[in-house]
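Notes for the one structure printed next.
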Amino acid sequence: MNDKFLKPYNPADTEDRIYQMWLDSGYFNPDKLPADEPGRGVNGEPFSIVLPPPNVTGTLHMGSAFMLALEDIMVRYARMQGKKTLWVPGTDHAAIATQSKVEKDIMKKEGKSRHDLGRAELLKRVDAFAKESHDNIVVQIRKMGCSIDWSREAFTLDEKRNFAVRTAFKKMYDDGLIYRGFRVVNWDPKGQTTISDDEIVYETRKAKLYTFKYSKEIPISISTTRPETKLGDMAIAVHPDDVRYKQYVGKEYDAVFAGEPIQLKVIADISVEPEFGTGALGVTPAHSTIDWEMAQRHELVTEARPLKTVINEYAKMVVGFDSGDFKIKDKKTTEAREAVVAWLRAEGLLEKEEDIEQNISVAERTGGVVEPLPKLQWFVAVNKKFTREGKGAEAGTTRQVTLKELMKEAVTADGISIIPERFERIYFNWIENLRDWCISRQIWYGHRVPVWYRDEEVYCGLDAPKNESGKGEWMQDEDTLDTWFSSGLWTFSTLGWPEETADMATYHPTTILETGSDIIFFWVARMILMSTYLLGDIPFKTVYMHGLVRDGKGQKISKSLGNNIEPLDLIAKYGADAVRMALIVGVGPGNDSKVDENKIKAYKNFANKLWNITRFILSSAEGDMGPLVPKAAAITYDPNFESFSAADIILRDEFNVILKDITSDMDAYRLYLAAEKIYGYVWRRFADEILEDSKKIFKEGTAADILSRKQFLLRTLHTILRALHPFMPYVTEEIWALIGAGNTDGHRLLIIEKWPV
RNA sequence: GCGCGAUUAGCUCAGUUGGUAGAGCAAUCCAUUUACACUGGAAAGGUCGGGGGUUCAAGUCCCUCAUCGCGCACCA
């Protein structure tokens with residue numbers, strides 16, 4: 001017996017060495033799996049999964065550790081089943097998140113803005129930061145024990161992915177699904193960029209609802225929380241059935257509001273809630289999405305009455321009193337609001353002030369209060385019909401569909417199943433409410449929009465058009481793309497698309513996508529959109545969504561709370577195996593969990609328990625080897641041994657039933673149950689009962705019973721190691737090596753051994 | 001407003017298709033020339049949020065109420 005077993009199991013002395021051994025074996029790369037068995041290894045059925053690329057904004061947190069544990073368990077299980085198993089690593093440039101972090105750092109340290117540095121210099125700084133983050137992330141992924149194929153690592157902003165992005169953009173542009181449009185978008189004054197509807201978070205704040213008249217001559221009072229926007233009003237809207245206002249519909253009024261001349265037309269629109277405020281509202285097409293849509297419906301904006309913008313990109317007023325007590329122009333919206341209210345009060349127009357609770361829109365990444373502004377931006381049209389060629393039985397035919405319909409079909413008809421199932425309803429709900437996706441961003445870090453302009457001409461292509469003498473120069477669009485545009489391509493851009501690679505043919509659609517439930521819309525939905533549109537195929541067959549990992553008190557882990565728990569610290573203290581088990585056991589799909597250090601400790605003890613189980617079995621087997629097979633210092637069972645005692649046959653069958661149960665849990669992605677069951681068997685049944693009984697047998701039993709029990713214990717230990725390997729890869733691989741278990745059929749690493757069932 | 005989830009031992013949570021409640025931690029008692037004290041054994045602890053229904057049988061399915069949490073929409 002190896003002397004190592006005389007001391008407790010020490011993960012710190014083991015894990016890095018074992019990981020290096022796996023790397024040296026090449027088995028993380030499916031092309032390098034053994035080729036000597038039919039239906040296994042390189043000859044196996046493909047299994048593929050992409051790593052949800054972590055943002056290069058810093059380091060991983062417990063949520064990422066949870067994700068890595070779940071995915072590595074799935075991957076190792078598949079590999080042991082003999083599948084040609086590929087797990088693709090990568091990182092996400094996370095455009096706005098990364099740039100704003102670096103900008104903040106530079107501002108803090110050097111007092112310079114991105115405009116002081118310029119585009120090229122800022123990008124250099126961001127790249128350097130991203131590189132550093134990337135390296136930290138790689139270390140963390142390795143420390144977790146992830147059996148991921150580093151030879152295929154990708155980055156959402158590298159050359160190959162950029163080519164995929166340009167290819168995707170051009171195809172959508174040519175199909176008329178990407179267009180440039182002028183409309184009210186979500187503007188983040190802090191980040192100085194547009195953001196999509198999904199990048200907004202809502203915060204409840206106390207606000208004042210003001211009721212007033214625009215002027216003494218206008219008979220209708222309106223209510224608003226943002227009086228400063230009223231300088232841009234173009235209409236007053238009432239409900240068509242509201243008898244109070246019916247007589248005014250269609251009338252037009254002129255007024256000078258806070259120093260700004262306005263023209264108001266009274267319109268009737270069903271979106272107006274008669275019970276709210278006075279039942280009449282001021283329509284501000286330039287600074288409210290809803291009002292913009294209302295303006296479209298009623299054709300409020302014409303050549304004679306152009307759109308009136310009163311707030312700029314810095315959330316400052318561009319009209320209003322230029323001086324005096326009520327100066328408004330050039331003031332921030334919040335200050336301008338006070339000035340407008342003061343003016344209303346002075347004019348005797350203010351009728352009421354009420355305190356209300358209001359949800360305000362905040363940019364998720366920067367914390368800036370979103371200002372709806374009219375802008376010329378690039379959009380993906382989700383409701384526009386386009387021609388799609390039929391596939392399979394419908395080959396040769398065409399049909400008209402929208403992207404929205406494709407996204408829906410992927411889950412209803414094309415067989416993507418989402419675990420837990422309730423997320424399917426959430427997914428459909430989101431699709432119902434989906435509007436065109438604003439994809440252009442006014443930041444520098446990201447994929448540049450592949451469109452060039454020359455005078456009135458517009459060119460979209462994979463590369464810049466050639467300049468011709470005598471004509472103006474082609475200038476590329478300044479904007480970059482929403483980071484999710486490139487992440488949406490991830491399942492196939494990582495496999496080489498748009499090239500027709502062997503990886504594409506073998507591994508796409510991927511087997512499963514495992515990710516956090518919070519990015520179902522950002523990412524999962526967009527991958528489905530991109531894949532069904534660009535490839536005519538689903539990106540994955542199953543989606544497994546995990547919940548949030550919270551701190552010990554149940555609070556969300558966030559930078560502002562400073563409650564981040566560093567996975568590497570826990571790994572150093574308890575070992576990666578223990579951390580993995582503690583994170584996944586008993587945590588069902590979609591459910592939030594809490595980091596519980598006691599639980600991690602319990603699984604560290606379990607690793608040591610397994611260690612001592614091995615020690616007991618080895619020491620019992622030694623000395624009286626009988627027909628046990630000693631091979632190259634290994635102690636292993638006789639695979640042909642069949643003379644089990646009646647008691648051992650029962651034990652063997654009992655374990656087989658449990659293994660079958662665990663296997664069906666694994667196949668249904670109930671890892672959280674499978675892990676608990678194997679744990680329960682090993683400790684409570686195998687160690688506490690079977691090993692204890694064995695002591696009696698070894699002391700008092702017949703020679704046949706003793707031999708049978710030794711065979712059973714060793715055989716079962718081998719099986720336990722295989723069943724436990726996906727969950728606790730390090731300690732199982734270490735024991736496997738120390739007992740020379742692989743010697744039964746030539747030395748093999750446990751990582752490629754057969755799953756027991 | 002629409003939808004979803006949760007409510008199980010003192011605490012944190014499992015319980016997959018309905019078949020008489022489990023884990024970790026904590027707490028109680030016992031055991032140290034024991035494979036393991038990173039241990040073992042024993043005992044204790046729950047009318048599974050309330051009420052109603054379906055069923056031979058309900059923590060599990062249906063209805064309803066309550067409390068907490070979340071998503072979406074609204075947010076003039």
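The values are calculated or read from the model by the stated rules, or taken from the named source; none is laboratory data. Source: prediction; values computed, not measured. Backbone-built Cβ (ideal geometry, glycine too); neighbour counts: all protein chains shown. For the accessible areas, the whole protein counts, side chains as well, though only heavy atoms, and no ligand, DNA or RNA atoms are used. Shrake-Rupley method; radii C 1.70, N 1.55, O 1.52, S 1.80 Å.
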Quiz prompt | Probe 1.4 Å, accessible area per residue of the stretch A:405-506, Å² | solution = 47 Å²
Quiz item: How much of the accessible area of the stretch A:312-442, in percent, comes from carbon and sulfur atoms when a 1.4 Å probe is used?
Solution: 45 percent
Quiz prompt | Under 29 Å between alpha carbons - lysine pairs in the stretch A:480-607 that sit 8 or more apart or on different chains | solution = 20
Practice problem: Could you list which residues have their amide H under 5 Å from that of A:S440, counting only those 5 or more apart in sequence or on another chain, with H placed in the peptide plane? | Solution: A:W378, A:D482
Quiz prompt | Charge dipole magnitude, Cβ of K and R +1, D and E -1 - chain A, Cα centre, debye nearest 20 | solution = 840 debye
Exercise. Determine ³J(HN,Hα), in whole Hz, for all residues of the stretch A:76-85 in sequence, where each value follows from phi through the Karplus function 6.51 cos²θ - 1.76 cosθ + 1.60 and θ = phi - 60°; x replaces Gly and Pro.
Key: 5, 4, 4, 5, 5, 6, x, 6, 7, 9
Quiz item: So which lysines can A:K216 reach, going by Cα to Cα under 17 Å and dropping same-chain residues fewer than 8 places off?
Solution: A:K230, A:K251, A:K265, A:K352
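Per 0.36 nm of contour for each residue apart, how much would the distance between A:I658 and A:T542 grow if the chain were fully extended, relative to their Cα-Cα spacing?
Numbers: separation 116, 0.36 × 116 = 41.76 nm, distance 2.56 nm.
Working it through step by step, the gained length comes to 39.2 nm.
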Quiz item: HN-Hα J couplings of the stretch A:640-645 from phi, Karplus 6.51/-1.76/1.60, θ = phi - 60°, integer Hz, Gly and Pro as x?
Solution: 8, 5, 10, 7, 6, 5
Quiz item: Using a 1.4 angstrom probe and counting only protein chains, how large is the accessible area of A:V318 in Å², to 10?
Solution: 60 Å²
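Among A:L724, A:L6, A:L749, what's the order by accessible area (1.4 angstrom probe), most exposed first?
Working: A:L724 0, A:L6 100, A:L749 25 Å².
Largest to smallest exposure gives the sequence A:L6, A:L749, A:L724.
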Exercise. Enter the Cα centre distance for the pair the stretch A:318-381 and the stretch A:543-600, rounded to the nearest angstrom.
Key: 42 Å
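I'd like the carbon and sulfur percentage of the solvent accessible area for the stretch A:658-757, probe radius 1.4 Å, heavy atoms only, ligands and nucleic acids excluded.
Details: 1780 of 3420 Å².
Heavy-atom surface of the stretch A:658-757 belonging to carbon and sulfur, 1.4 Å probe: 52 percent.
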Practice problem: Sort the following peptides by mean Cβ neighbour count (other Cβ atoms within 10 Å, averaged over residues), highest first: A:371-379, A:66-74. | Solution: A:66-74, A:371-379
Practice problem: In nm, give the distance between the simple-model label positions of A:E692 and A:R399, each being 7 Å from the Cα along the Cα-to-Cβ direction. | Solution: 6.4 nm
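Using +1 on the beta carbon of Lys and Arg, -1 on that of Asp and Glu, and nothing else charged, what's the dipole of the stretch A:1-152 about the Cα centre, debye to 20? Don't skip to the answer; put the middle values down first.
Working: 22 positive and 21 negative charges, 70 e Å.
Approximately 340 debye in magnitude.
Placing +1 at every Lys and Arg Cβ and -1 at every Asp and Glu Cβ, with all other atoms neutral, what dipole size does the stretch A:582-735 have around its Cα centre, in debye to the nearest 20?
Numbers: 20 positive and 22 negative charges, 59 e Å.
My answer is approximately 280 debye.
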Exercise. Would you work out what percent of the accessible area of the stretch A:487-534, with all protein chains in place, is carbon or sulfur (probe 1.4 Å)?
Key: 50 percent
Exercise. With a 1.4 Å probe and every protein chain left in place, tell me how much accessible area A:Y679 has, in Å² to the nearest 10.
Key: 40 Å²
Quiz item: A:K32: which lysines have alpha carbons under 20 Å from its alpha carbon, excluding same-chain residues fewer than 8 sequence positions away?
Solution: A:K83, A:K84, A:K754
Quiz item: When ligands, DNA and RNA are left out and all protein chains stay put, how many square angstrom of accessible area per residue does the stretch A:237-392 have with a 1.4 Å probe?
Solution: 52 Å²
Practice problem: Report the local net charge at A:N467: Lys and Arg +1, Asp and Glu -1, summed over other residues whose C-beta lies under 14 Å from its C-beta. | Solution: -2
Practice problem: Using the charge dipole of chain A (Lys, Arg: +1 at Cβ; Asp, Glu: -1 at Cβ; taken about the Cα centre), state which of A:A413, A:N598, A:V682 has its Cα farthest towards the positive end. | Solution: A:N598
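Beyond 34 Å, what share of the Cα-Cα pairs of chain A is found? Please give it as a whole percent. Don't skip to the end; give the middle numbers.
Values: 166983 of 286146 pairs.
Result: 58 percent of Cα pairs exceed 34 Å.
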Exercise. Please name which of A:I735, A:T719, A:I706 has its Cα lying farthest along the dipole of the stretch A:676-752 towards the positive end, using unit charges on Cβ (Lys, Arg +1; Asp, Glu -1) and the Cα centre as origin.
Key: A:I706
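Counting each DSSP H run of 4 or more residues in chain A as -39500 (n - 2.57), what helix-only mean residue ellipticity at 222 nm follows after dividing by all residues, to the nearest 500 deg cm²/dmol?
Numbers: 22 runs with 279 residues, N = 757.
Result for chain A, helices only: -11500 deg cm²/dmol.
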Self-check item: Residue-count net charge about A:L376 - beta-carbon cut-off 15 Å; Lys, Arg +1, Asp, Glu -1
Solution: -2
Quiz prompt | Total formal charge among the other residues, if their Cβ is under 12 angstrom from that of A:T225, Lys/Arg +1 and Asp/Glu -1 | solution = +1
Quiz item: Could you give the accessible area per residue of the stretch A:9-95, probe 1.4 Å, as a whole number in Å²?
Solution: 29 Å²
Quiz item: Using θ = phi - 60° and the Karplus curve 6.51 cos²θ - 1.76 cosθ + 1.60, what whole-Hz ³J(HN,Hα) does each residue of the stretch A:210-216 get, with Gly and Pro shown as x?
Solution: 9, 10, 7, 10, 5, 7, 5
Quiz item: Once the dipole of the stretch A:214-291 is set up with Lys and Arg at +1 and Asp and Glu at -1 on Cβ about the Cα centre, which of A:I270, A:T284, A:I220 lies farthest towards its positive end?
Solution: A:I220
Exercise. Return the Cα extents of the stretch A:39-92 along principal axes one, two and three, sorted largest first, each rounded to a whole Å.
Key: 41, 18, 9
Self-check item: Straight-distance crosslink candidates among lysines, where the alpha carbon sits under 18 Å from A:K466 and sequence neighbours closer than 8 are dropped
Solution: A:K170
